[in-house]
Amino acid sequence: MRPITNLVIYEEDLSRINACLSSLQRKARSAAVLLIDTSGQLIASAGETDALDTTPLASLAAGSVAAAGALAQLLGEKEFSFVFYDGERKRLHLSLIGGRAILLVLLDENSAVALVRLQVKKFSREMEEIFIELSKRPDPVAEGGNPLAKPNIGEITDDDVENLFGKG
């Protein structure tokens, strides 16, 4: 299983991920949702994120999930399925998605925890399917190729350029 940082995510993949995040945010009635790779890099987000400092939030969320994983191992557990923080006005639900990414759900006074947990389970299955599809693609970096070049795009020849712009 390749980590998400080693997967090439094209624009159409990101659109699909964003649609899933938006759907989760709406159905869970959460303030915001963030998809983060396990190293703490933000992949995508939905909801009220303008007032959030997402860079340290993503990094700290990754550290929290890693710490929870270490605690689980110390207690003889495979993993904890989620981490939950409960403040006066805000709550955080953190969960590991297929061992590749972290889902952060920011809840406010209007969010129901049970509804969030139900929707996160559905979302997790969808995201795991997307990650499996992405991991089935050839790894252009491992094959010595350009990670930004899409497969099956032919090369442009000198003749193509001359035909496009006219000769001299």
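Laboratory data are not the source of any read-out in this text; all were calculated from the coordinates shown. None of the values given here were measured: they were computed from a predicted structure. All Cβ positions, glycine included, derive from the backbone under ideal geometry; neighbour counts span all protein chains shown.
Restriction of the GluC sites (Glu not before Pro) in the stretch 52-114 to DSSP coil positions whose beta-carbon has at most 10 other beta-carbons within 10 angstrom yields 88, 109. The string of couplings for the stretch 103-116 from the Karplus curve (6.51, -1.76, 1.60, θ = phi - 60°) is 9, 10, 10, 9, 9, 10, 4, 8, 9, 9, 4, 4, 5, 4 Hz, one whole number per residue in order, with x for Gly and Pro. Between residue 66 and residue 78, the simple label model (points 7 Å from Cα in the Cβ direction) yields a spacing of 2.3 nm. Using θ = phi - 60° in the Karplus curve 6.51 cos²θ - 1.76 cosθ + 1.60, the 3J(HN,Hα) couplings for the stretch 68-79 round to 4, x, 5, 4, 4, 4, 4, 9, x, 9, 5, 6 Hz; x is entered for Gly and Pro. Applied to the stretch 80-87, the Karplus parametrisation 6.51 cos²θ - 1.76 cosθ + 1.60 on θ = phi - 60° returns per-residue 3J(HN,Hα) values of 9, 6, 7, 10, 10, 10, 10, x Hz, with x for Gly and Pro.
Can you tell me how the stretch 5-121 classifies by the Cα gyration tensor, rounded, prolate or oblate, using a/c under 1.5 as the rounded cut? The shape class here is oblate. Shown here for the stretch 63-117: trypsin sites (Lys or Arg not before Pro) in loop regions (DSSP other than H, G, I, E, B) with at most 14 other Cβ atoms within 10 Å, namely 78, 89, 90. For the cross-link pairs 27/78; 27/90; 27/122, which exceed 22 Å when the distance is taken from alpha carbon to alpha carbon? 27/78, as the Cα separations exceed 22 Å there.
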